[in-house]
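The values are calculated or read from the model by the stated rules, or taken from the named source; none is laboratory data. Note that the coordinates shown come from a computational prediction; the quantities given were computed from them, not determined experimentally. When we count neighbours, we look across all protein chains shown, and the Cβ atoms used for this are built from the backbone with ideal geometry, even at glycine.
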Amino acid sequence: MAKHPVQVIAVTGGKGGVGKSNVSVNLSIGLAELGRRVVLLDADLGLANIDILLGLSSNRTIEDVLQGECDLADIMLTGPGGIRIVPASSGTQRLSQLNSMEHAGLIQAFSDLGDDIDVLVVDTAAGISDSVMSFVRAAQEVILVVTDEPTSITDAYAQIKLLNRDYGLFRFRVVANMVKSPQEGNALFNKLTKVTDRFLDVAMQYVGAVPQDDAVRRAVQRQKAVLDAYPRSKAATAFRALAKKVDAWPLPSSPRGHLEFFVDRLVQEAGA
């Protein structure tokens, strides 16, 4: 069993279209630039897109790991900056039907990575499905990506409320994405906290803002991360600043800080 503390961060966002996967990818690369060993788990089971965003293709899935045909390391893709990516697959949907041997095998697969990883970034699907809730609840840190649209703020609030009321989560980090100015990012965070402060007992922390930047769109068209394709762009600069803040978060203490705890909790939640 690995005893190396690992930071597990779920990146989520309520509604779709807020740029959550872009945040996950570029945050991962930014952390890798700071010397962290990063694994990015594409947890969008219905519309997996990390591999497409980065122009990568995978032949094997977690299903092959569960069948004992290969190790987790065998299905990983190498992305920009040396980040490693666990591509989503239909096999991941079987988390709720794993038998005890498969359950133990999945935990062991992640545990084998434990001493070779510092940060696990989990890119969740949009919405508040059971699958999304399972990944978010199993992580140690939750980053909520919001944009300055009423639907984004409403959906973010709904997700916070559900996670707080039903599952006892109380700390949420917020990234304002695609904003026109730093002031707009702060105002967006204030709009959200105005509602959460009034109705919920939660701790909200503003991590920062990523500006609206055409370089992001161009990078997506090229199937590259903006940090990789346009490293001097405004968005890339913002992502590096975000990565520095995230890198300064305290490492988790045991046993919650161990990777096998995350997987064990994830499978338990999926089967609940």
- Query: Restricting attention to region 164-190, which residues are over 21 Å from Val23 (Cα atoms) and in a helix (DSSP H, G or I)?
  - Reply: Asn164, Arg165, Asp166, Tyr167
- Under the condition of being in contact with an Asp or Glu (Cβ under 9 Å, 6 or more places away or on another chain) and of a type in the set (D, E, K, R), which residue from region 175-197 is nearest to Leu162 (Cα to Cα)? Lys191
- So is Ile160 under 18 Å from the mean Cα position of the chain (by Cα) and crowded, with 16+ Cβ neighbours inside 10 Å or not? yes
- Query: Any chance region 102-112 includes a residue that's surrounded by 23 or more Cβ atoms within 10 Å (Cβ to Cβ), closer than 25 Å to Ser57 by Cβ, at pLDDT 65 or above and of a type in the set (Asp, Glu)?
  - Reply: no
- Message: Restricting to region 62-88, name every residue that is closer than 14 Å to Asp51 by Cα and without any contact (Cβ under 8 Å) to a residue 24 or more places away in the chain.
- Response: Ile75, Thr78
- Query: Taking the stated definitions as given, is Ala219 in contact with an Asp or Glu (Cβ under 8 Å, 6 or more places away or on another chain), part of a helix (DSSP H, G or I) and within 28 Å of Gly55 (Cα to Cα)?
  - Reply: yes
- Message: I'm trying to understand the selection: among the residues of region 120-163, which are among the charged types (D, E, K, R) and assigned to a strand (DSSP E or B)?
- Response: Asp123, Glu141
- Task: Name the one entry in Val216, Val202 that is under 25 Å from Ala138 (Cβ atoms), among the β-branched types (Val, Ile, Thr) and modelled with pLDDT of 95 or more.
- Result: Val202
- Message: Name the single residue that is modelled with the lowest pLDDT among those in region 118-133 being hydroxyl-bearing (Ser, Thr, Tyr) and surrounded by fewer than 24 Cβ atoms within 10 Å (Cβ to Cβ).
- Response: Ser131
- Message: Cβ-Cβ under 6 Å, sequence separation 6+ or interchain: first residue in region 158-170 and farther than 14 Å from Met204 by Cα, partner part of a helix (DSSP H, G or I). Which pairs?
- Response: Tyr167/Arg137
- Query: In region 185-199, which residues are among the hydrophobic types (A, V, I, L, M, F, W, C) and either touching a Phe, Trp or Tyr at 6+ places or on another chain (Cβ under 6 Å) or surrounded by 17 or more Cβ atoms within 10 Å (Cβ to Cβ) (or both)?
  - Reply: Leu188, Phe189, Leu192, Val195
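Residue-by-condition table, conditions (1) among the small types (Gly, Ala, Ser); (2) exposed (fewer than 15 other Cβ atoms within 10 Å of the Cβ); (3) touching a Lys or Arg at 6+ places or on another chain (Cβ under 9 Å):
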position: Lys15; (1), (2), (3): no, no, no
position: Val18; (1), (2), (3): no, no, no
position: Ser21; (1), (2), (3): yes, no, no
position: Ala32; (1), (2), (3): yes, no, no
position: Gly35; (1), (2), (3): yes, yes, no
position: Val39; (1), (2), (3): no, no, yes
position: Asp42; (1), (2), (3): no, no, no
position: Leu72; (1), (2), (3): no, no, no
position: Ile75; (1), (2), (3): no, no, yes
- Can we say Ala229 is of a type in the set (A, V, I, L, M, F, W, C) and either in contact (Cβ under 8 Å) with a residue 24 or more places away in the chain or more than 20 Å from Val38 (Cβ to Cβ) (or both)? no
